[in-house]
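Participant: Before we start, here is the structure in question, set down as structure tokens.
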Amino acid sequence: MQNPNSLKVYKFGGASVKDAAAIRNLVRVVQEQGAGSSLLIVVSAMGKTTNALEEVFQLAHAGQDYTAVLHRLVEFHRSVAQELLPEQAGEVPGRTPQEPGLNQLLEQLGDRLATLTPGDFDKQYDQVVSFGELLATRIVAGALDAQWLDCRLLVRTDHAWREGRVDWPTTERTLTATVLPLLAQGPIVTQGFIGGTASGLTTTLGREGSDYTAAILAYCLRAESVTIWKDVAGLLNADPKIFADTVRYPEISYQETIEMAYYGASVIHPKTIKPLAVRQIPLYVKSFLDPVAEGTKIHDCRHGLLAPAFIRKVNQCLVSFESKDFAFISEENLEVIFGALAQVRLKINLMQNSAISFSICTDFSAYRLDKLLATLRDQFTIHYNTDLALYTIKNYDAASIRQLTNGRELLLEQRTRQTFQFVCRG
Ligand SMILES: Nc1ncnc2c1ncn2[C@@H]1O[C@H](COP(=O)(O)OP(=O)(O)O)[C@@H](O)[C@H]1O
Ligand SMILES: N[C@@H](CC(=O)OP(=O)(O)O)C(=O)O
């Protein structure tokens with residue numbers, strides 16, 4: 001069943017709302033590209049605000065002075081609001097008495113930080129770091145003169161702090177009842193990245209999770225399409241900030257994209273594709289700098305051989321486990337290792353085993369690695385290397401492997417028919 005309103009979901013990330021000029025550009029894109037459509041607009045925190053909020057939160061949680069960082073954040077949002085809506089003198093009021101205005105949100109953020117308690121790090125993180133999206137959407141909704149909705153009341157999650165798991169039936173029911181009737185009144189702006197629990201607490205969906213929010217909303221509302229507006233020409237075969245001579249895929253299948261995102265292509269959050277594929281909703285990746293350009297269409301399509309895709313994941317750690325008594329690594333050993341990894345929430349990006357050793361490549365987290373070592377040290381001899389990179393070439397050929405491995409010392413390598421991966425320094 002297609003939405004009778006032909007709903008389009010637009011998602012604007014941090015780069016597209018990084019300052020007042022960027023938000024003016026967003027307004028142009030929405031007015032020119034979205035004219036005539038029902039629009040639900042998902043917005044992330046401005047620029048690097050989420051990083052700044054993480055810093056402020058960590059300082060406050062550790063009982064250290066956070067006032068300077070908080071002050072910079074507050075002034076930044078006020079100055080952008082003032083520049084865009086001078087007649088409102090830096091305040092962007094809510095459209096209804098229940099809706100918080102910009103100053104009210106800034107006050108709430110200050111209160112949250114002042115009342116943090118020791119412990120419950122991840123839970124309190126979500127209550128604070130979510131403010132980036134709340135503030136940004138209040139400003140963007142003001143600039144667009146659009147309706148503002150609080151996504152914490154729309155996307156229901158469990159209590160898995162910092163990686164909330166969506167309660168799909170409740171979310172679908174709530175969105176259908178809330179959003180569909182409002183669409184006729186004009187565009188709606190809401191937050192990416194955040195959701196809420198049944199008990200009214202805020203959760204976040206994982207860093208860079210706003211793309212995922214767009215997919216959740218599109219799935220539940222059976223949208224016609226999703227467009228994520230980026231600072232690149234579309235989905236390219238590599239990150240142009242890292243690799244030279246990239247090429248754009250004009251169209252690509254859900255499956256190819258989900259694999260690229262899984263291997264670390266940071267342009268799309270890995271969880272974004274599945275809900276869209278299930279309901280066959282096309283995902284467009286387009287440039288907010290050149291909105292009329294074609295971009296990339298991700299959908300259920302067949303295509304010929306694609307240009308090899310290059311993906312680099314940095315800050316990797318290679319951990320190897322050896323049994324202490326020269327015994328072979330057994331299924332029982334693996335069960336213990338996997339159990340401990342799941343418990344400390346370390347995800348395996350690559351794994352390999354030999355007779356008496358089992359190795360994994362994972363994102364480095366000193367905190368989680370320490371917990372892992374503490375759990376498994378008695379049973380295994382554990383070695384690890386940090387500051388590594390994991391490279392993946394999808395749809396590789398001999399030339400692309402030569403190009404990427406040339407001059408590098410490979411610490412671990414693996415290949416399947418489509419994918420070549422290796423871990424090296426730096
Ligand atoms: N395969 C790829 N194609 C295009 N961009 C990529 C790719 N891999 C990584 N990127 C990076 O993704 C960035 C855009 O994603 P992101 O920074 O998450 O945007 P936003 O936060 O604004 O949503 C680009 O600037 C680019 O550096
Ligand atoms: N603001 C959040 C969520 C997000 O998705 O941001 P962006 O769309 O800018 O990647 C983060 O930085 O993690």
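The values are calculated or read from the model by the stated rules, or taken from the named source; none is laboratory data. Only a predicted model underlies this, so the values are computations on that prediction, with no experimental measurement involved. Here the Cβ is made from the backbone with ideal geometry for all residues, glycine too, and neighbour counts use every protein chain on show.
Participant: Would you be able to say whether some residue in segment 277-285 is assigned to a strand (DSSP E or B), of a type outside the set (Phe, Trp, Tyr), in contact with a strand residue (DSSP E or B) (Cβ under 9 Å, 6 or more places away or on another chain) and within 16 Å of GLN421 (Cβ to Cβ)?
Facilitator: no
Participant: State all residues of segment 71-96 that are hydroxyl-bearing (Ser, Thr, Tyr) and either touching a strand residue (DSSP E or B) at 6+ places or on another chain (Cβ under 7 Å) or modelled with pLDDT under 85 (or both); if no residue qualifies, say none.
Facilitator: THR96
Let's see how each residue does on (1) closer than 19 Å to ARG222 by Cβ; (2) modelled with pLDDT of 95 or more:
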residue	(1), (2)
LYS271	yes, yes
PRO282	yes, yes
VAL285	no, yes
VAL292	no, yes
THR296	no, yes
ARG302	no, no
PRO308	no, yes
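Participant: Looking at (1) more than 23 Å from VAL80 (Cβ to Cβ); (2) in contact (Cβ under 8 Å) with a residue 60 or more places away in the chain; (3) in contact with a helix residue (DSSP H, G or I) (Cβ under 6 Å, 6 or more places away or on another chain), which one does THR171 not meet, given that it meets all the others?
Facilitator: Going through the list (1) more than 23 Å from VAL80 (Cβ to Cβ); (2) in contact (Cβ under 8 Å) with a residue 60 or more places away in the chain; (3) in contact with a helix residue (DSSP H, G or I) (Cβ under 6 Å, 6 or more places away or on another chain), THR171 breaks only (2).
Participant: Only one of these is within 20 Å of ALA81 (Cβ to Cβ), within 16 Å of ligand 2 (Cβ to nearest atom) and under 16 Å from the mean Cα position of the chain (by Cα): GLY164, GLY192. Name it.
Facilitator: Of the residues listed, the single one that is within 20 Å of ALA81 (Cβ to Cβ), within 16 Å of ligand 2 (Cβ to nearest atom) and under 16 Å from the mean Cα position of the chain (by Cα) is GLY192.
Participant: For segment 234-269, enumerate the residues that are away from ligand 1 (no atom under 12 Å from the Cβ) and free of Cβ contacts under 8 Å to residues at least 24 places away in the same chain.
Facilitator: ALA244, ASP245, GLN255, ILE258, TYR262
Participant: Restricting attention to segment 354-369, which residues are of a type in the set (Ser, Thr, Tyr), under 16 Å from ASN385 (Cβ atoms) and assigned to a loop (DSSP other than H, G, I, E, B)?
Facilitator: Listed by number, the list holds a single entry, SER365.
Residue-wise test of (1) farther than 20 Å from GLU54 by Cα; (2) touching a strand residue (DSSP E or B) at 6+ places or on another chain (Cβ under 9 Å); (3) assigned by TED's automatic domain parsing to the domain that holds GLN58.
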residue	(1), (2), (3)
GLN98	yes, no, yes
GLY101	yes, no, yes
LEU106	no, no, yes
LEU109	no, no, yes
TYR125	no, yes, yes
LEU134	no, yes, yes
GLY142	yes, yes, yes
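Participant: Please work out if VAL74 is among the β-branched types (Val, Ile, Thr) and either over 18 Å from VAL128 (Cβ atoms) or free of Cβ contacts under 8 Å to residues at least 24 places away in the same chain (or both).
Facilitator: No.
Participant: Which one of these does LEU346 not meet: (1) in a strand (DSSP E or B); (2) in contact with a helix residue (DSSP H, G or I) (Cβ under 7 Å, 6 or more places away or on another chain)?
Facilitator: Result: LEU346 passes all but (1).
Participant: Name the one entry in TYR219, TYR262 that is modelled with pLDDT under 95, surrounded by fewer than 24 Cβ atoms within 10 Å (Cβ to Cβ) and part of a helix (DSSP H, G or I).
Facilitator: The conditions single out TYR262.
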